[in-house]
């Protein structure tokens, strides 16, 4: 198994991309801390990993706070003895709509989770990684931060910030043995998809699929496969990348 002996935290892992990632990491031998604001779904994912013979623990909490991120680190260390990887997947979006229709509350929530959440994750994990002279931060950004779509202005902006934060951390932390990379999904079959498209219907699906050269939307497993690679030693000389898992959307 490619991740045997490693311990990973995955935020927002109760559904969608995060669930796909945490299950794949566990199948490859990692012990995983499953984070989600929804205790029911997060606990269900952790339980199913345990029932399949994997190692998992659930830990809730709002990732925009330092307290929650520190609790995730503490859970990893107390349950599994160490921490090697954090996948910062938790994210929110606003409904696809004109710039001026986005409310201040929507804007604040997007920036709190998508941007401040990375800040808090870094504050909680970097001291651990520095002490052990190794660590791996994987940020789930978006093609929205590279090739923005109309109607998603402030979501696009948050993912652009996530990509620059990834590259900035990679430059600063590389000499300390800490790698930082981002995965940039295209529109993916998750519960957030209707928000991105402005409604889930045949017409909107056709419009989005037409922008992807490979002719389909992404599945969570597409991104999980990339996360396994970036979490593994196979990618030990890769840092600071924003990996487009997008069927060619950003070409």
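Does anything in the stretch 43-65 have its amide N under 18 Å from the 7 Å Cα→Cβ label point of residue 123, and if so which residues? Answer for the stretch 43-65: 61-65.
Got a sec? Which residues in the stretch 140-178 would a label at residue 107 touch, if it sits 7 Å along Cα→Cβ and we count backbone N under 19 Å? Answer for the stretch 140-178: 145, 149-162.
If R0 is 30 Å, the Cβ-Cβ spacing of residue 251 and residue 51 corresponds to a FRET efficiency of close to 0.10.
Taking 208, 237, 196 as the candidate residues, the one with maximal mean-square fluctuation in a Gaussian network model of the chain, Cα springs under 10 Å, is 237.
Under a 10 Å cutoff between Cα atoms, tell me which one of 13, 210, 93 has the largest fluctuation in the Gaussian network model of the chain. Top of the fluctuation ranking is 210.
Restricting to Cα pairs below 8 Å that are 6+ residues apart, what does the relative contact order work out to for the stretch 88-194? Please round to a whole percent. Could the numbers behind the result be given before it?
Numbers: 142 pairs, mean separation 35.8, N = 107.
Once normalised by length, the contact order is 33 percent.
Take every pair of alpha-carbon atoms less than 8 Å apart whose residues are at least six positions apart; their mean separation over the length of the chain yields a relative contact order of 21 percent.
Computed over Cα pairs, the Kirkwood radius of the chain leads via Stokes-Einstein (1.567 mPa s, 4 °C) to a diffusion coefficient of 72 µm² per second.
Against the compact-protein benchmark of 2.2 N^0.38 Å, the Cα-based radius of gyration of the stretch 1-135 scales to 1.08.
Based on the Cα gyration tensor of the stretch 116-251, what are the three equivalent ellipsoid semi-axes, each the root of five times an eigenvalue, rounded to whole Å and given largest first? List each step's numbers first, then the result.
Details: eigenvalues 179, 47, 28 Å².
Square roots of five times the eigenvalues give 30, 15, 12 Å.
So for the stretch 110-251, averaging the separation of alpha carbon pairs under 8 Å that are six or more residues apart and normalising by length, what relative contact order in percent results?
Values: 208 pairs, mean separation 41.1, N = 142.
Rounded, it is 29 percent for the stretch 110-251.
Determine, for each peptide in 218-226, 74-82, the mean count of other beta carbons within 10 angstrom over its residues, then list the peptides with the highest first.
Values: 218-226: 20.3, 74-82: 15.3.
Most protected by this proxy first, the peptides run 218-226, 74-82.
Residues considered: 171, 186, 113. Largest GNM mean-square fluctuation over the chain, using C-alpha springs under 10 Å, is found at 171.
Each value in this text was obtained by applying a stated rule to the coordinates, not by laboratory testing. From a predicted model like this one, the values you see are computed outputs, not experimental measurements. Neighbour counts run over all protein chains shown; Cβ positions are idealised from the backbone, glycine included.
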